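**Q** Encoded as structure tokens, here's the structure I'll be asking about.
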Amino acid sequence: MSGTEKSKAHAEQAKGKGKEAMGRMVGNERMTAEGRAEQAKGNARHAKEDVKDAFRH
């Protein structure tokens with residue numbers, strides 16, 4: 001497992017959640033969508049690392 005990649009995934013997810021929340025607060029649909037996209041990207045990175053871990057063991 002690459003701890004660095006997993007931590008990047010968690011950071012990306014957190015950043016996306018923050019951006020989505022800020023977008024909702026100010027009523028900015030684009031920022032909300034960008035936040036959701038960043039969360040999805042973080043989820044994909046995390047899933048990729050989980051698959052790599054499964055094949056290593």
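The values are calculated or read from the model by the stated rules, or taken from the named source; none is laboratory data. Keep in mind the model is a prediction, meaning the values are calculated, not measured. Cβ: placed from backbone, ideal geometry, glycine included. Neighbour counts: every protein chain shown. The protein model used for the area step is the full one, side chains on, heavy atoms only, and it has no ligands, DNA or RNA in it. Shrake-Rupley method; radii C 1.70, N 1.55, O 1.52, S 1.80 Å.
**Q** What does the charge count near residue 11 come to, summing +1 for each Lys or Arg and -1 for each Asp or Glu among other residues with Cβ under 13 Å from its Cβ?
**A** On the way: positive: 6, 8, 15, 17, 19, 41, 45; negative: 5, 12, 38.
Taking every other residue near residue 11 into account, the sum is +4.
**Q** For the range 23-32, in order, what is each residue's ³J(HN,Hα) by Karplus, 6.51 cos²θ - 1.76 cosθ + 1.60 with θ = phi - 60°, in whole Hz (x at glycine and Pro)?
**A** Result, ordered by residue: x, 5, 5, 8, x, 9, 5, 5, 5, 4 Hz.
**Q** In addition: Skip the ligands, DNA and RNA, and give the accessible area per residue of the chain with a 1.4 Å probe, whole Å². It would help to have the intermediate numbers written out before the result.
**A** On the way: 3980 Å² over 57 residues.
So the chain comes to 70 Å² accessible per residue, rounded to a whole number.
**Q** Now for a different question. Under 10 Å, Cα contacts only: if you run a Gaussian network model on the chain, which one of 34, 12, 20 comes out with the highest mean-square fluctuation?
**A** It is 34.
**Q** Evaluate the Kirkwood expression for the hydrodynamic radius of the chain, namely the inverse of the mean inverse distance over all pairs of different C-alpha atoms, and round to one decimal in Å. Show your work: numbers first, answer last.
**A** Details: mean 1/r = 0.0856 Å⁻¹.
Radius from the Kirkwood sum: 11.7 Å.
**Q** Using θ = phi - 60° and the Karplus form 6.51 cos²θ - 1.76 cosθ + 1.60, what ³J(HN,Hα) does each residue of the range 33-42 get, whole Hz, x for Gly and Pro?
**A** These are the phi-based 3J(HN,Hα) values: 5, 4, x, 5, 5, 5, 5, 5, 5, x Hz.
**Q** Take every Cα pair under 8 Å in the chain that's 6+ residues apart, average their separations, divide by the length, and report that relative contact order as a whole percent. Please report the intermediate quantities before stating the final value.
**A** Numbers: 64 pairs, mean separation 25.0, N = 57.
44 percent.
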